[in-house]
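Structure, as structure tokens:
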Amino acid sequence: LMMRIDIITCVPDLLDSFFAHSILKRAQQAGHAEVVITDIRDYSVNKHRTIDDYAFGGGAGMVLQIEPIARCIRALQAERVYDEVIYLTPDGEQMNQKIVNQLSLKGNLILLCGHYKGVDQRVRDLFVTREISIGDYVLSGGELAAAVLADAIIRLIPGVLNDETSALTDSFQDNLLAPPVYSRPADFEGHKVPEILLSGHEAKIEEWRYEQSVSRTKARRPDLLK
Ligand code: 6GU
């Protein structure tokens, strides 16, 4: 299984270092996923390499123009089939684990990052198949949102995580928060690890963890249980 995620951005430097690190690098080295960052400016239609212009009708802020983005998306689509072209935008559908699970089962994805006042509406009308926000706050561009989405997707691809980092015990994977975890020492200045965890009773430990998940979810995120 090999998933390719293309990220289209006008600030590629912002994303390059992120995908060169940690679990995402491992996933790429193992051939489970490939993340390719493309600079919109490389598809500019003029010698000054401009990609944005003033908004028709006036108002503050520049708009990413349709021509460079159209040329970029078409160049990618000429090479392979993409399941979705996702535009990262604060007015999109709010990202959650269910959406991430769905996307992790797809083949190739294009993530388009907005900037300034966003992209020309015609890009959304003609090319974008899905619009996603990472939460109700405004970032200065879609790059961090694209990194968040790509990270959440890639770690779910079969074979990317090992037993220690297994996604099966994540918070949200079953609409429950994860239970508390402990490691050595068993006693830190009198603060002891719950005895059950030292008991070796596997079934009882699982039951305790489940109860902790439920009580933690009731206390912190009752909305998840509805
Ligand atoms: Cl996807 N983009 C921007 N610019 N801000 C956001 C966001 C996306 N999601 C939440 N805030």
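Nothing in this text is a laboratory measurement; each read-out follows from the coordinates by a stated rule. Everything quoted here is computed from the prediction, not taken from an experiment. Glycine also receives a Cβ, built like all others from the backbone with ideal geometry; neighbour counts cover every protein chain displayed.
A compact table of results
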quantity: Entries of Lys204/Lys226; Lys98/Lys226; Lys106/Lys218; Lys25/Lys106 with Cα pairs more than 25 Å apart; calculated: Lys204/Lys226; Lys106/Lys218
quantity: Sequence of Cys72, Cys10 once ranked by neighbouring C-beta atoms within 10 Å, starting from the fewest; calculated: Cys10, Cys72
quantity: Mean separation of Cα contacts under 8 Å, 6 or more apart, over the residue count of region 41-81: relative contact order %; calculated: 34
quantity: Label-point separation, Arg216 to Ala203 (7 Å along Cα→Cβ), nm; calculated: 2.4
quantity: Two-decimal log10 I(q)/I(0) for region 31-83, as the Debye equation yields it once each C-alpha is a single scatterer, q = 0.21, 0.29 Å⁻¹; calculated: -0.84, -1.14
quantity: Where a label projected 7 Å from the Cα of Tyr54 along Cα→Cβ would reach, residues of region 118-135 with amide N under 19 Å; calculated: 118-121
quantity: Scaled radius of gyration (Cα, divided by 2.2 N^0.38 Å) that the chain gives; calculated: 1.25
quantity: Table column - 3J(HN,Hα) (Hz), region 94-104, Karplus curve with 6.51, -1.76, 1.60, x for Gly and Pro; calculated: 6, 4, 8, 5, 5, 4, 4, 4, 4, 5, 5
quantity: For Ile37, residues with placed amide H under 5 Å, excluding near neighbours; calculated: Ile7
quantity: Among Gln212, Ile196, Pro222 - extreme Cα towards positive end, dipole of region 176-226, charges at beta-carbon; calculated: Pro222
quantity: Most mobile of Glu195, Glu131, Glu93 in a GNM of the chain (Cα contacts under 10 Å); calculated: Glu195
quantity: Percent antiparallel among DSSP beta bridges (both partners in region 84-218, rounded to 5); calculated: 25
quantity: Residue-span extension gain [Val181 to Asp83] - 0.36 nm each, minus C-alpha spacing; calculated: 31.5 nm
quantity: Extreme residue, positive dipole direction of the chain, given options Pro68, Asn108, Ile37 (C-beta unit charges); calculated: Pro68
quantity: Relative contact order %, region 171-225, counting alpha carbon pairs below 8 Å whose residues are six or more apart; calculated: 46
quantity: Size of electric dipole in the chain: Cβ of Lys, Arg +1 and of Asp, Glu -1, about Cα centre, debye, nearest 20; calculated: 180
quantity: Value of relative contact order over region 105-188, rounded to a whole percent, pairs C-alpha under 8 Å and six or more apart; calculated: 23
quantity: Residue-by-residue Karplus 3J(HN,Hα) for region 177-193, coefficients 6.51, -1.76, 1.60, Hz, glycine and proline x; calculated: 6, 5, x, x, 10, 9, 9, 5, x, 5, 9, 10, 6, x, 8, 9, 6
quantity: FRET efficiency, 1/(1 + (r/R0)^6) with R0 25 Å, evaluated for Thr169 and Leu1 via beta carbons; calculated: 0.70
quantity: Those chymotrypsin sites (Phe, Trp or Tyr not before Pro) in region 78-169 that DSSP places in a loop and that have at most 14 other beta carbons within 10 Å; calculated: Tyr137
quantity: Whole-Hz couplings from phi, Karplus 6.51/-1.76/1.60, listed for region 63-71; x for Gly and Pro; calculated: 10, 6, 6, 6, 4, x, 5, 4, 5
quantity: Potential extension, Val138-Lys226 segment - 0.36 nm per residue separation minus Cα distance; calculated: 28.9 nm
